[in-house]
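Working notes for the structure below.
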Amino acid sequence: MSNIKACIFDLDGVIVDTAVYHYKAWKRLANELGFDFTEEDNEKLKGVSRVRSLQLILQWGGVTKTEAEQEELATTKNDWYVEMISHMTPAEILPGAKEFLLACRAAEIKTALGSASKNSMTILDKINLTPLFDTIVDGNMVSKPKPDPEVFLKGAELLNVAASDCVVFEDAIAGVEAAINGRMKVVGIGSPQVLINADLVVNGLNEMTLEKLKNL
Ligand code: B16
Ligand code: MG
């Protein structure tokens, strides 16, 4: 039995599936540069920062770009991505996410967002979930990407809760490792074969309950 005081949620893959929009935008960029990459490769971009994602994609295409060119390409991709997410609605919230956030708050468990995305605020506003988070830590507030625990430790600090009393919800291997590196408990969202180091793995927040949280 544990005494969980806060839940920290990743955004993409846990609260919403923005990976589809990231994929469309990165694919368009790769195509304009004269190559393509598979959906399987795209899996490797989940939870990875924008700059690092671009570097991986360029590597797959065998393309070399200067730092200035990389910055320009990342901006172009982001402009396309931002256009796509501007049409998001609350209907895109993943099953059970809103209900579990409400259940946490009703049980006086604090809630935080811990995402690598610099567009987190826009997305949460579009899906009307901003008021359900006590604090939001996104890609604009951290300098070290997951698996560094910075994003989650900052969330715990802002909530004034000890890391050992926090549970992280993550769909990416790098995110699960980040939680472990921060000495936090972690619930994986996805496959137990992939997220092998998580304390518990569920298919989605629709399978999560306060009972399961207590038993972590
Ligand atoms: P942006 P998460 C991550 O979100 C995505 O999974 C990853 O694909 C993306 O590259 C990263 O955010 C940065 O996003 O370009 O919007 O700053 O899973 O950490 O919520
Ligand atoms: Mg994610």
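Bear in mind that the values in this text are calculations on the coordinates, not laboratory data. Keep in mind it's a predicted model, so treat the numbers as computed, not measured.
Run the helix sum for the chain: -39,500 (n - 2.57) per DSSP H stretch of 4+ residues, divided by residue count, reported at 222 nm to the nearest 500 deg cm²/dmol. Provide the component values of the computation, followed by the final result.
Details: 9 runs with 91 residues, N = 216.
Result for the chain, helices only: -12500 deg cm²/dmol.
Which one of 117, 49, 143 has the biggest mean-square fluctuation once the chain is modelled by GNM with Cα springs under 10 Å?
It is 143.
Where the centre of each part is set by its Cα atoms, how far does region 53-108 sit from region 130-154, in angstrom?
Result: 15 Å between the Cα centres.
Nearest 10 degrees, 0 to 90: what angle lies between the long axis of helix 50-61 and the longest principal axis of the chain (Cα atoms)?
50
Mind pulling the angle between the C-alpha long axis of helix 97-106 and the longest principal axis of the chain? Nearest 10 degrees, somewhere in 0 to 90.
Tilt relative to the chain: about 30 degrees.
Can you work out the Karplus-derived ³J(HN,Hα) for every residue in region 159-176? Use 6.51 cos²θ - 1.76 cosθ + 1.60 with θ = phi - 60°, whole Hz, and x for glycine or proline.
Taking θ as phi minus 60°, the curve returns 7, 6, 10, 5, 3, 5, 9, 10, 10, 9, 10, 9, 9, 10, 4, 4, x, 4 Hz for region 159-176.
Hey, can you grab everything whose amide H is under 5 Å from the amide H of residue 133? Only 5+ residues off in sequence or another chain; H modelled, so Pro and N-termini drop out.
For residue 133, no residues qualify.
Using amide H atoms built 1.01 Å from N in the peptide plane, name the residues 5+ places from residue 110, or on other chains, whose amide H lies under 5 Å from its own.
6, 7
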